[in-house]
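Student: Just passing along the structure, written as structure tokens.
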Amino acid sequence: MLSDMYETHAYDVLVVGAGGSGLRAAIAAAEGGASVGLVCKSLLGKAHTVMAEGGVAAALGNVDPEDDWRVHFKDTMRGGQFINNWRMVELLAKEAPERVDELERWGALFDRMPDGRINQRPFGAHTYRRLCHVGDRTGLELIRTLQYKAIHCGIGVHMEVTLTRLLLDDGRAAGAFGYYREDGRFVVFKAKVIVLATGGFGRVYNVTSNSWECTGDGIALAYEAGAQLMDMEMVQFHPTGMVWPPGVRGILVTEAVRGDGGILLNAKGERFMERYDPVKKDLSSRDVTSRAIFLEVQAGRGTPHEGVYLDITHRGPEFIKKRLPGMYHQFLRLADVDITKQPMEVGPTIHYAMGGVRVAAETAATNVPGLYAAGELACGVHGANRLGGNALADLLVFGKRAGEAAAAYARDGSAGRIDEHECDVEAARLLAPFEREGGENPYVLQEELQSAMGDHCGIRRNELQLSAGLGRVQELRERSKRVSVRGSRLFNAGWHTTFDFGNMLTVCEAIVRCAIERRESRGAQWREDYPNKDEALGKVNLIAYNDGGQIHVTTAPILAMPAELASLFEEEAADVGRRA
Ligand SMILES: Cc1cc2nc3c(=O)[nH]c(=O)nc-3n(C[C@H](O)[C@H](O)[C@H](O)COP(=O)(O)OP(=O)(O)OC[C@H]3O[C@@H](n4cnc5c(N)ncnc54)[C@H](O)[C@@H]3O)c2cc1C
């Protein structure tokens, strides 16, 4: 009997991930009448979402009354270079305000304007001041509120459990297999439907703002189960990560610093962004700003630690300590820099995955029956470049939609059958590294992969480097077959890394293969050998899929935007024409 072999739990809806999207999905599924189980790799409250800083984008129009969903829609489509799924962007822009109000009804408290309404700060490439925030610690308030709500919806919580395989019954999601990180005990979850909300994969690079658990597990699990991946080449470099001292390289310096008036200067003291974006200057979009910083450093105008300066001293100590307390303490503690008196040294850091699991716009359903995906893991809202604040809006809007759709699916569906043999095979796969002597070291392999991605698939790409990068990934995949670990399953971080590494290989191969295929420069994809946009490639998304264990890449046409949405851009063009 399965339950004799493995600890087993059964739910209508299994949510994998306790970040903003997982918690929002669990709440919606529970409110939809389903029994809900939530599994997370870390402790509740420790998901990556808690690190979010600058705010959540929603067209409330509190600070700029002219703002509304149409402008938010246009900004997001333009920021994504029009390869976004326009229906998802429409839903995001229309529903984000209600999701923010709902959070307040659930106990969140955003910063206020003098008249008591929610305050909104400016952010890169947003036409109006749109980001609702709590100082520069918005993620903490979001997670605190959602967690409190979710717990009181009576969901079952399984913390510090890593899921390693989705279990299918005749191609339909039926459950998942995993282990407790504490002691390595195996556990099986049966479920009528699964919502994957496992976040991003920034850890596949060596300089990143992402937390330790962002290794792309959900991407690999979904891919192995037959789900399509989309736009995997679109990886966001945030322009302002810390660069010094070495131990903190990559930690995020929120865009709120630029939003609140911070200016970028090269080592010669020049406000160089005027040369790269004469209109938006320091508040240009992340892809343009990261490339500008990269080029300034390449041209020898960088700071001693290969960055640029970000200066906000002119706003004065009181303003800085009130609006950016996190940044003030972060630089004081980690770099011994008082940002009320000195500029910060910053440079590009891997920050967000625009690519991910392909989903249906309305329901967040994947192409695998019974499998849904939401949050950073899913793909479609952000296209070729995400605007700041839209990730938190995304996980609230589509977390809810995924949870509702999953509950509806569970209502109509029955539980699939779990194949015990498949569980045994998975258990044996996970234990194999203990049975090998003197093999490859998982930490060494992981470091080599992260460096290879930084060297071959970084901010500036070309065919030669990418092909060499693919070769490195395939060589590391071969070596991973000989990985060995010592000791027991108890708190064995080396064993955990072995599993993470397998997922990272899948993610990296999909990124590199898609980056090779998209022979153009668009948003976060910068090909120095194809510096311009390609019209044909602007009409497709790249789809990576599993064919007999091999990653293949093809294209899927982007559906034409309906006239009423397309006309928003024509009107603007006409306005611009009229004003010219
Ligand atoms: C420093 C920083 C600041 C940011 N600031 C902002 C901001 O101001 N505004 C904005 O819009 N966006 C911001 N972002 C981006 C945004 O925070 C993330 O994209 C978003 O929080 C991702 O949420 P999520 O719910 O998709 O996943 P996460 O919050 O990453 O949660 C993933 C969950 O999945 C679990 N998990 C993963 N793998 C497994 C597995 N194998 N088995 C079981 N569980 C698993 C994890 O334990 C975790 O609970 C920021 C990102 C960073 C890094």
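Student: Within the group M88, M51, M113, which residue is within 16 Å of the ligand (Cβ to nearest atom), farther than 15 Å from D394 by Cα and modelled with pLDDT of 95 or more? Steps first, answer last, please.
Tutor: On the way: M88 fails: farther than 15 Å from D394 by Cα; M113 fails: within 16 Å of the ligand (Cβ to nearest atom).
Step by step, each of M88, M51, M113 is checked, and only M51 is within 16 Å of the ligand (Cβ to nearest atom), farther than 15 Å from D394 by Cα and modelled with pLDDT of 95 or more.
Student: Six or more apart or on different chains, Cβ under 7 Å: which pairs go from a residue in region 116-128 that's free of Cβ contacts under 8 Å to residues at least 12 places away in the same chain to one that's of a type in the set (K, R) and crowded, with 20+ Cβ neighbours inside 10 Å? Could you list them?
Tutor: If the second residue must be of a type in the set (K, R) and crowded, with 20+ Cβ neighbours inside 10 Å, no pairs are left.
Student: Then there's this: Does region 353-384 hold any residues that are among the aliphatic types (A, V, I, L, M), more than 12 Å from L395 (Cα to Cα) and either at pLDDT below 95 or not in a loop (DSSP other than H, G, I, E, B) (or both), and which are they?
Tutor: Kept after step one, since they are among the aliphatic types (A, V, I, L, M), are these residues of region 353-384: 353-354, 357, 359-361, 364-365, 368, 371, 373-374, 377-378, 381, 384.
Adding the requirement that they be more than 12 Å from L395 (Cα to Cα) leaves 353-354, 357, 359-361, 365, 368, 371, 384.
Hits for region 353-384 are A353, V357, A365, L371.
Student: I want to confirm something. Restricting to region 187-213 and keeping residues that are among the charged types (D, E, K, R) and outside any loop (DSSP other than H, G, I, E, B), which single residue is farthest from the ligand (Cβ to nearest atom)?
Tutor: Restricting to residues being among the charged types (D, E, K, R) and outside any loop (DSSP other than H, G, I, E, B), the top hit is K192.
Student: Follow-up. Being open to solvent by less than 20 Å² (accessible area, probe 1.4 Å), in contact with a strand residue (DSSP E or B) (Cβ under 8 Å, 6 or more places away or on another chain) and outside any helix (DSSP H, G or I), is that true of even one residue in region 501-518?
Tutor: Checking region 501-518: at least one residue is open to solvent by less than 20 Å² (accessible area, probe 1.4 Å), in contact with a strand residue (DSSP E or B) (Cβ under 8 Å, 6 or more places away or on another chain) and outside any helix (DSSP H, G or I).
Student: Quick check, is V397 more than 22 Å from T215 (Cα to Cα), in contact (Cβ under 8 Å) with a residue 60 or more places away in the chain and open to solvent by less than 10 Å² (accessible area, probe 1.4 Å)? Quick ask: steps written out before the conclusion?
Tutor: On the way: more than 22 Å from T215 (Cα to Cα): yes; in contact (Cβ under 8 Å) with a residue 60 or more places away in the chain: yes; open to solvent by less than 10 Å² (accessible area, probe 1.4 Å): yes.
It is true that V397 is more than 22 Å from T215 (Cα to Cα), in contact (Cβ under 8 Å) with a residue 60 or more places away in the chain and open to solvent by less than 10 Å² (accessible area, probe 1.4 Å).
Student: Going by the conditions given, is P348 more than 27 Å from Q236 (Cα to Cα), open to solvent by 20 Å² or more (accessible area, probe 1.4 Å) and touching a Ser or Thr at 6+ places or on another chain (Cβ under 7 Å)? Please lay out each step first, then the result.
Tutor: Working: more than 27 Å from Q236 (Cα to Cα): no; open to solvent by 20 Å² or more (accessible area, probe 1.4 Å): yes; touching a Ser or Thr at 6+ places or on another chain (Cβ under 7 Å): yes.
No.
Student: Report, by residue number, each residue of region 54-85 that is assigned to a helix (DSSP H, G or I), more than 16 Å from the ligand (Cβ to nearest atom) and under 26 Å from I143 (Cβ atoms). First the steps, then the outcome.
Tutor: Initial filter on region 54-85 (assigned to a helix (DSSP H, G or I)): 69-79.
Then keep just the ones that are more than 16 Å from the ligand (Cβ to nearest atom); that gives 69-71, 73-74, 77-78.
Once the filter is applied, which keeps residues that are assigned to a helix (DSSP H, G or I), more than 16 Å from the ligand (Cβ to nearest atom) and under 26 Å from I143 (Cβ atoms), region 54-85 yields only W69.
Student: Shifting gears a bit: Does F110 meet the test of being more than 23 Å from I543 (Cα to Cα), aromatic (F, W, Y) and part of a loop (DSSP other than H, G, I, E, B)? Reasoning before the result, please.
Tutor: Values: more than 23 Å from I543 (Cα to Cα): yes; aromatic (F, W, Y): yes; part of a loop (DSSP other than H, G, I, E, B): yes.
Taking the combined requirement at face value, the residue satisfies it.
Student: Every residue in region 192-226 that is open to solvent by 10 Å² or more (accessible area, probe 1.4 Å) and in contact with a Cys (Cβ under 6 Å, 6 or more places away or on another chain), please.
Tutor: G199, R203
Student: Separate question: Just one of (1) open to solvent by less than 30 Å² (accessible area, probe 1.4 Å); (2) free of Cβ contacts under 8 Å to residues at least 60 places away in the same chain; (3) of a type in the set (F, W, Y) trips up F73, so point out which.
Tutor: Among (1) open to solvent by less than 30 Å² (accessible area, probe 1.4 Å); (2) free of Cβ contacts under 8 Å to residues at least 60 places away in the same chain; (3) of a type in the set (F, W, Y), the lone unmet condition for F73 is (2).
Student: Can you tell which of G156, G178 is within 13 Å of the ligand (Cβ to nearest atom), open to solvent by less than 30 Å² (accessible area, probe 1.4 Å), in contact with a Leu (Cβ under 8 Å, 6 or more places away or on another chain) and not basic (K, R)? Steps first, answer last, please.
Tutor: On the way: G156 fails: within 13 Å of the ligand (Cβ to nearest atom).
Just one listed residue meets the conditions, G178.
Student: May I pose another question? When you go through D101, D111 one by one, which is the residue that is over 20 Å from the mean Cα position of the chain (by Cα), surrounded by fewer than 17 Cβ atoms within 10 Å (Cβ to Cβ) and farther than 23 Å from T289 by Cβ?
Tutor: Answer to the check: D101.
Student: Any residue at all in region 21-34 that's open to solvent by 40 Å² or more (accessible area, probe 1.4 Å) and more than 16 Å from the chain's Cα centre (by Cα)? Steps first, answer last, please.
Tutor: Going residue by residue through region 21-34, those that are open to solvent by 40 Å² or more (accessible area, probe 1.4 Å) are 31, 33.
Now drop any that are not more than 16 Å from the chain's Cα centre (by Cα), which leaves 31, 33.
Scanning region 21-34, I find at least one residue that is open to solvent by 40 Å² or more (accessible area, probe 1.4 Å) and more than 16 Å from the chain's Cα centre (by Cα), so the answer is yes.
Student: Within region 253-271, does at least one residue satisfy the condition of being within 12 Å of the ligand (Cβ to nearest atom) and in contact with a His (Cβ under 8 Å, 6 or more places away or on another chain)?
Tutor: The answer is yes, given that some residue of region 253-271 is within 12 Å of the ligand (Cβ to nearest atom) and in contact with a His (Cβ under 8 Å, 6 or more places away or on another chain).
Student: Also, I was wondering about something else. Exactly one condition in (1) open to solvent by 20 Å² or more (accessible area, probe 1.4 Å); (2) in contact (Cβ under 8 Å) with a residue 24 or more places away in the chain; (3) under 28 Å from T303 (Cβ atoms) is not met by E440; state its number.
Tutor: Result: E440 passes all but (3).
Student: Filter region 452-495 for residues that are open to solvent by 70 Å² or more (accessible area, probe 1.4 Å) and in contact with a helix residue (DSSP H, G or I) (Cβ under 6 Å, 6 or more places away or on another chain) and give the result.
Tutor: Of the residues in region 452-495, the ones open to solvent by 70 Å² or more (accessible area, probe 1.4 Å) are 455, 460, 464, 474-475, 477-478, 481-482, 486, 489-491.
Correct list: R477 only.
Student: Would you check which residues across region 366-384 are over 20 Å from K94 (Cα atoms) and either of a type in the set (S, T, Y) or more than 10 Å from the ligand (Cβ to nearest atom) (or both) and list them?
Tutor: Residues of region 366-384 over 20 Å from K94 (Cα atoms): 366-373, 377, 384.
Across region 366-384, the qualifying residues are T366, N367, V368, P369, G370, L371, Y372, A384.
The values are calculated or read from the model by the stated rules, or taken from the named source; none is laboratory data. Here the structure is a predicted model, which is why all the values come from computation and not from measurement. Cβ atoms come from the backbone with ideal geometry, glycine included; neighbour counts cover every protein chain shown. The accessibility values were calculated without ligands, DNA or RNA, using every heavy atom of the protein model including side chains. Shrake-Rupley method; radii C 1.70, N 1.55, O 1.52, S 1.80 Å.
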